[in-house]
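The values are calculated or read from the model by the stated rules, or taken from the named source; none is laboratory data. Computed from a prediction, not measured in an experiment: that's the story for all the values here. For neighbour counting, all protein chains shown are included, and Cβ atoms are generated from backbone atoms with ideal geometry for every residue, glycine included. Keep in mind that these areas ignore ligands, DNA and RNA; they rest on the heavy atoms of the full protein, side chains included. Shrake-Rupley method; radii C 1.70, N 1.55, O 1.52, S 1.80 Å.
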Amino acid sequence: MLGFLKNPVVITAEINVNLMALTVMGLISRLWGLSYPRAVVFDEVYYGQFVSLYMKRIFFVDDSGPPFGHMLLALGGYVGGFDGNFLWNRIGAEYGMNVPVWSLRFLPALAGALCVPLAYQILVELRFSHCAALGAALLILLENSLITQSRFMLLESILIFFILLAVLSYLKFYNLQRHSSFSGSWWFWLLLTGVACSCAVGVKYMGLFTYMLLLAIAGLHFWHMIGDQNLSNVSLMCHFLARGLALIIIPVAMYLSFFYVHLTLLYRSGPHDQIMTSAFQASLEGGLARITQGQPLEVAYGSQITLRNVLGKPMQCWLHSHTNTYPIRYENGRGSSHQQQVTCYPFKDVNNWWIVKDPGMQQLVVSNPPRPVRHGHIVQLVHGITTRYLNTHDVAAPLSPHSQEVSCYIDYNISMPAQNLWRVEIVNRESDTDVWKTILSEVRFVHVNTSAVLKASGLMLLSGASLPEWGYRQLEVVGEKLSKGYHQSMVWNVEEHRYGKSQEQKEREVELHSPTQMDISKNLSFMAKFTELQWKILTLKNEDTEHKYSSSALDWITMDTNIAYWLHPTSGAQIHLLGNVVTWATANVAALVYMCLSLWYLIRRRRKIYDVPEDAWQLWVSAGGICVGGWAVNYLPFFLMEKTLFLYHYLPALTFQILLIPIVLQHLSDHLCRSLLLKSMFSALIVAWFSSVYLVYCTFSPVTYGEPSLSVTELKDLRWKDSWNILIRKQ
């Protein structure tokens, strides 16, 4: 029974020495001297702010993309014991002793190092020789721009790692398809493809380009499977469902999970939450939540409220009035009603308070029990401090002459009667009997007499054009006809709310200045918060200003630009984002050769002339689909983007282009160098070329790693192009 114990338990393992050596070299090249310089390097000043906010659990919005990459950087800070206390205000600022520099830079460096063995494995899975795979890995290893970008607290190396992992996983899955469908390893690589794609998209939206490419390739492969008569309908359906689960459902679920973790970690209010809706702000600890905690939920007749415009951009603002009136005549000669001004004011103020009044009653307090206001009810809005009624009439607005002026009515005993009845329309109602709710309800106020809608038009005019000096530079509010369409600037929500108790004006003014404390909860669901945050990320646009190191997509191919990342305060030591010139030029030539050869082969095959065997042709096409396709989808979209572009945006596309170099070289050697002499000469040429790649890598290493410090003459010698901005300190 125990006979199996008579023999020793033996475990055998195959170790790929090439892979091990490449991994070690990748780690050395990226991790060596990682804490140098101990100062803020280029965009670390940007990402470091988010890491600090994660450490302090303070909510933020970054319009550059999803939160997964930021969370990975924050993980490095958390593991290193970072407390978030550092002022990220300028490039070159020395890090304090509380900042774990090595830990913060470790994950990007690790991701960059692992790209080296990934490149090797991708070419092996594409069925190219181990020599070609080794060449691809060494080119990634010796690419100066990839080294620089991976050694700091930046996201591009993490993005490229997940992109390459997704490609490798799909290739392994596809190669297993032929003989071991639905095996454990088949499922592993298919699921890992989806996971890596979602992680790439979660780091930066640029990852979406490669994700779409892999979906297209998977769809093409499945289309070919449909034509396989050996597969039953049930088997095809299983394959389809497996791919749908792994490549669509799981990535979507993971993408949502990134935001769930993000919102769970960042539960405290901060400066960035002001662009969110009142409901979102109230769900955060502190800030608006501290003000609105315990407010009554249902708006009733007699409620005292502040009304915030839902649009919230280019700035948040509240419905506001003050004792000043519109000028009798504007600068252009048009006349006004000379009524009390109504504006949208971008700051909290006691003049933002309004009282919801029942037109059929005189009282300005909430009855007992309260009578809630519902969708479709007619109300009057009384300004809390001046007790004048919100009004609109057929008088042109000051900045928007095609819209009606909105005012608080003053009775001048002339032929201009009050028109102060408004119908409450709840935009996000579930039924026509919904109650108007604090924070949660988004409402429109439709003027009963003219059907005009209360609108913060100032938010729409030239990105927030303001009234002249007589209007204190506040934002215009108008009555907009419904026929002119619907916009968020017409929608308002109650932000602060109390039940009014004082009928006398003096007592009411005291009441308006005091906080309320009543018990009610207004928590948003995760999906509601996710939808709002996702929409803000996609639509929020910072003003793109011209940056000293910004560039166009055309500059990237020939590397006519560089970026100075860091300069030592006293010596000539500096770090630049500069690529290996030989590698970049060869990558462009390889792409051109591939496209020309492919066109030539296609024309010849159309004439039934086959220059290469069928298996070599299929290998050539599949490799081009990955490498040329990967380069194209990660590069060409930038020509359509209206944003400030930098050289590092090209690095994912460059990585695919570098993988193409050994593919083209092997193809030329195998199929165009037909004699032994030609093969020997071609091999010698490759050795000479690769030696030049290594020489250029060594030449530019001082500005890749930031040391050793170079003299003025040495720095001038590195300016191989006049367009490169190598920093030379004045003597």
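Heavy-atom accessible area for residue 212, with the other protein chains in place and a 1.4 Å probe, reaches approximately 100 Å². Converting phi to 3J(HN,Hα) with the Karplus coefficients 6.51, -1.76 and 1.60 and the offset θ = phi - 60°, the stretch 266-276 yields 9, 9, 9, 6, x, x, 7, 6, 5, 7, 8 Hz in sequence order, with x at every glycine or proline.
Applying both filters, DSSP loop and at most 11 other Cβ atoms within 10 Å, to the chymotrypsin sites (Phe, Trp or Tyr not before Pro) of the stretch 353-460 gives 412. Net charge dipole, the chain: roughly 920 debye, given to the nearest 20, about the Cα centre with Cβ charges of +1 for Lys and Arg and -1 for Asp and Glu. Packing, taken as the mean count of other beta carbons within 10 Å per residue, orders the peptides 307-318, 156-167, 683-694 from highest to lowest as 156-167, 307-318, 683-694.
Treating each Cα of the chain as one equal point scatterer and applying the Debye formula with no solvent, the log10 of I(q)/I(0) at q = 0.05, 0.06, 0.08, 0.10 Å⁻¹ comes out as -0.37, -0.52, -0.81, -1.04.
Compared with the direct C-alpha span, the chain from residue 252 to residue 547 gains 102.7 nm at full extension, assuming 0.36 nm per residue.
Give the calculated FRET efficiency between residue 607 and residue 348 to the nearest 0.05, with a Förster radius of 60 Å applied to their Cβ-Cβ distance. Taking R0 as 60 Å, the efficiency between residue 607 and residue 348 is 0.20. Between residue 431 and residue 414, the simple label model (points 7 Å from Cα in the Cβ direction) yields a spacing of 4.9 nm.
Pairs with C-alpha atoms separated by more than 26 Å, drawn from the list 548/721; 481/536; 481/643, are 481/536; 481/643.
Given a 1.4 Å probe and every protein chain left where it sits, what share in percent of the accessible area of the chain is carbon and sulfur? Kindly include the intermediate steps, with their values, before the conclusion.
On the way: 20480 of 33150 Å².
Ligands and nucleic acids excluded, carbon and sulfur give 62 percent.
Solvent-accessible surface of protein heavy atoms, probed at 1.4 angstrom with all chains present, puts 723, 407 in the order 723, 407, largest first. Once backbone amide H atoms are built at 1.01 Å from N, residue 303 has 356, 500 as its partners under 5 Å, excluding neighbours fewer than 5 places away on the same chain. Taking the helices alone, the chain has a mean residue ellipticity at 222 nm of -14000 deg cm²/dmol, built from -39,500 (n - 2.57) per DSSP H run of at least 4 residues and averaged over all its residues.
Report the FRET efficiency, 1/(1 + (r/R0)^6), for residue 175 and residue 245, where r is their Cβ-Cβ distance and R0 is 25 Å, rounded to 0.05.
Working: r = 20 Å, r/R0 = 0.81.
Using R0 = 25 Å, I get an efficiency of 0.80.
Taken per residue, the accessible surface of the chain reaches 45 Å², heavy atoms only and a 1.4 Å probe. Here the simple spin-label model places points 7 Å from the Cα toward Cβ, and for residue 535 and residue 94 these points are separated by 4.9 nm.
Taking amide H atoms as placed 1.01 Å from N in the peptide plane, the amide H of residue 395 lies under 5 Å from those of 405, each 5 or more residues away in sequence or on another chain. Using a Förster radius of 30 Å, what is the FRET efficiency between residue 589 and residue 676 based on their Cβ-Cβ separation? Nearest 0.05, please. Computed FRET efficiency for residue 589 and residue 676: 0.75.
Projecting label points 7 angstrom from Cα along Cα→Cβ for residue 560 and residue 35 puts them 4.3 nm apart.
For residue 41, the residues 5 or more places off, or on other chains, whose built amide H falls under 5 Å of its own are 92.
Rounded to the nearest whole Hz, the Karplus-based 3J(HN,Hα) values (6.51 cos²θ - 1.76 cosθ + 1.60, θ = phi - 60°) of the stretch 599-605 follow the sequence 5, 4, 4, 5, 5, 5, 5, with x at glycine and proline.
Applying a threshold of 22 Å to the alpha-carbon distances of 455/506; 357/501; 357/437 flags 455/506 as lying beyond it.
Within the stretch 368-471, the GluC sites (Glu not before Pro) that combine a DSSP coil assignment with at most 13 other C-beta atoms in a 10 angstrom radius are 430.
If you take the square roots of the eigenvalues of the alpha-carbon gyration tensor of the stretch 261-395 and sort them as a ≥ b ≥ c, do you get rounded (a/c under 1.5), prolate (a/b over b/c) or oblate? Oblate shape, in that a/c is at least 1.5 and b/c is the bigger or equal ratio.
For the stretch 216-230, backbone phi angles converted through the Karplus equation (6.51, -1.76, 1.60; θ = phi - 60°) give residue-by-residue couplings of 5, 5, 4, x, 5, 5, 5, 4, 5, 5, 4, x, 7, 5, 7 Hz, Gly and Pro being listed as x.
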